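Asks: Below are the structure tokens for one structure; questions will follow.
The values are calculated or read from the model by the stated rules, or taken from the named source; none is laboratory data. It should be emphasised that the depicted structure is a prediction, and the values quoted were computed from it without experimental measurement. A quick note on method: Cβ atoms are made from the backbone with ideal geometry, for glycine too, and the neighbour counts reach across all protein chains shown. These area figures cover heavy atoms from the full protein model, side chains too; ligands, DNA and RNA do not enter into them. Shrake-Rupley method; radii C 1.70, N 1.55, O 1.52, S 1.80 Å.
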Amino acid sequence: MKYTSFLIHNFKQIPQMQMVSNEIVKSIEIVGSVLPFKTNNYVTENLINWNNVPDDPMFKLTFPQKEMLIPDDYKKMKSAIDSGADKQKIKEVANEIRLTLNPHPAGQLEHNVPTIDGEKLYGMQHKYRETVLFFPSQGQTCHAYCTFCFRWPQFVGMEDLKFASKEAELLVKYVKDHPEVTDVLFTGGDPLIMKTKHLETYIRPLLDADLPNLRHIRIGSKALGYWPYRFISDDDAAELLVLFEDIKRAGKHLAYMAHFNHPVELKGDVVAEAIKNILKTGAVIRTQSPVLKHINDSAEIWADMLKKQVELGCIPYYMFVARNTGAQHYFSIPLVEAWKLFKETYQSISGICRTLRGPSMSCLPGKVQILGVADAKDEKVMTFRMIQGRNPDWAARPFFAKYDDSAIWYTDLKPAFDETKFFFTDELNTILNSGKDENNFE
Ligand SMILES: *Cc1c(COP(=O)(O)O)cnc(C)c1O
Ligand code: SF4
């Protein structure tokens, strides 16, 4: 299949747009002028059920929806467009709105950057001891954009992408100098948007350097969901699979971290064939997704998705909570609801599918998992556990917050039992104030 992408300037050419009401077309144009929009012919022809638009989950996952902007912002952009404003004016209005949408939820462009000899390594993040994140510069876009994505500012040109790196050598040096690092995670955007020959320039030097501490190479990608031909019929699909085999041959474990948000992405022969091709190389596929209102916020959908994944040979890994950025008001559900959904899902699947961890928030102190609601000392509390901690010693430690059924993020929580702080609060402040590790300010 030939790849055709659709952006805000040409989406009206998507043949199925004729089935969509003028009102919806207009709202795509308005919201798509503020938030990034990109889709492709695989998504429009295979994943979206156009008879079910506007309620279709894959439509909501890739097409901007009116309610993703608050009504005032929507009106503001609508009147700019209706008044025939030029490109420059539209961009100004768009940027005004974007700045109110917490475009830097992680403060990660400035704060999560490791150094070599005092020099900042833009293009890398190192928050948890074992794992370094690497952002290859050519991998900072995707085959289609998810409407919930927390990397949205870079897709609309608000970031100058200085945190993307061209420098594989520095990555090798960094991993060599840090024997505690066992994992390198290639991320983006989507690193598999890159031609194989570009991806190779990052991965081969890592293999050639023969670093004994490096055990796992991970690639985070949504290509199985949005463009499975990447592993079947793209010009350089065969070379990509050879690269995967060579990672295995070099004695490293390759983990393909697959992003799937809805079971529809796992149906059909194309994705099944793509998964088979990846597994044949010796790679393991682990899956992750946030819980998203309007798209997958039901235990039935999750159970269906996890069963399908396992049937195809993938291993469920993370259930995330929607991040505090962009159209969070549209996608978020309360933490208590996310836990109920997890519980119901967990209870309806076999142990083989229960490798799923979550729901987890990627936030200031670490990856924080909601374990549930409980009664303790005559108080109704929410219990949490750190899956990853900014300090590695925090991992697997439980803690308690006051019950709050409207809390949607870590910052909404208050310690239980009339305590004034959580077990990590003091140390976290020390780490952050020392300036030594001024990481994510989420
Ligand atoms: C999730 C995450 C990782 C990987 O954590 P695992 O639990 O090992 O999968 C690494 N770095 C950052 C910043 C993360 O958010
Ligand atoms: S594929 Fe990943 S990086 Fe790309 S838009 Fe979706 S969530 Fe964001």
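Asks: So in segment 142-164, with the set limited to residues that are surrounded by fewer than 18 Cβ atoms within 10 Å (Cβ to Cβ) and not hydrophobic (A, V, I, L, M, F, W, C), which one is modelled with the lowest pLDDT?
Replies: K162
Asks: Going by what's in this entry, would R397 be described as among the basic types (K, R) and without any contact (Cβ under 8 Å) to a residue 60 or more places away in the chain?
Replies: On the way: among the basic types (K, R): yes; without any contact (Cβ under 8 Å) to a residue 60 or more places away in the chain: yes.
When the stated conditions are applied, R397 passes them.
Asks: Then there is this: List the residue pairs whose Cβ atoms are under 6 Å apart, where the first residue sits in segment 361-385 and is away from ligand 1 (no atom under 12 Å from the Cβ) and open to solvent by 20 Å² or more (accessible area, probe 1.4 Å), the second is in a strand (DSSP E or B) and basic (K, R), and the two are 6 or more positions apart or on different chains.
Replies: L371/R385
Asks: Looking only at helices (runs of 4 or more DSSP H) that lie completely in segment 16-120, which have at least 2 residues being surrounded by fewer than 18 Cβ atoms within 10 Å (Cβ to Cβ), of a type in the set (S, T, Y) and modelled with pLDDT of 95 or more?
Replies: Where helices (runs of 4 or more DSSP H) fall fully within segment 16-120, none carries at least 2 residues being surrounded by fewer than 18 Cβ atoms within 10 Å (Cβ to Cβ), of a type in the set (S, T, Y) and modelled with pLDDT of 95 or more.
Asks: Let me ask something else. Please work out if G366 is assigned by TED's automatic domain parsing to the domain that holds K267, touching a helix residue (DSSP H, G or I) at 6+ places or on another chain (Cβ under 7 Å) and over 28 Å from Y145 (Cβ atoms).
Replies: In short, no.
Asks: If I go through segment 307-328 residue by residue, how many of them are more than 14 Å from the chain's Cα centre (by Cα) and either in a loop (DSSP other than H, G, I, E, B) or at pLDDT below 90 (or both)?
Replies: Within segment 307-328, residues that are more than 14 Å from the chain's Cα centre (by Cα) and either in a loop (DSSP other than H, G, I, E, B) or at pLDDT below 90 (or both) number 4.
Asks: Among the residues of segment 136-150, how many are more than 22 Å from A322 (Cβ to Cβ) and within 7 Å of ligand 2 (Cβ to nearest atom)?
Replies: The qualifying residues number 0.
Asks: Right, something else. List every residue pair whose Cβ atoms lie under 7 Å apart, where the two residues are 6 or more positions apart in sequence or sit on different chains, the first residue falls within segment 220-244 and is acidic (D, E), and the second residue, located anywhere, is open to solvent by less than 10 Å² (accessible area, probe 1.4 Å).
Replies: Close Cβ pairs (under 7 Å, with a partner that is open to solvent by less than 10 Å² (accessible area, probe 1.4 Å)) amount to D236/T196; E239/T196.
Asks: While we're on this one: Determine, yes or no, whether I295 is farther than 30 Å from R98 by Cβ, open to solvent by less than 10 Å² (accessible area, probe 1.4 Å) and assigned by TED's automatic domain parsing to the domain that holds S360.
Replies: It is false that I295 is farther than 30 Å from R98 by Cβ, open to solvent by less than 10 Å² (accessible area, probe 1.4 Å) and assigned by TED's automatic domain parsing to the domain that holds S360.
Asks: Which ranges mark the helices (runs of 4 or more DSSP H) fully within segment 178-275 that have 1 or more residues being among the hydroxyl-bearing types (S, T, Y) and surrounded by fewer than 19 Cβ atoms within 10 Å (Cβ to Cβ)? It would help to see each step written out before you state the result.
Replies: Values: elements: 196-208, 223-226, 237-249.
So the answer is 196-208.
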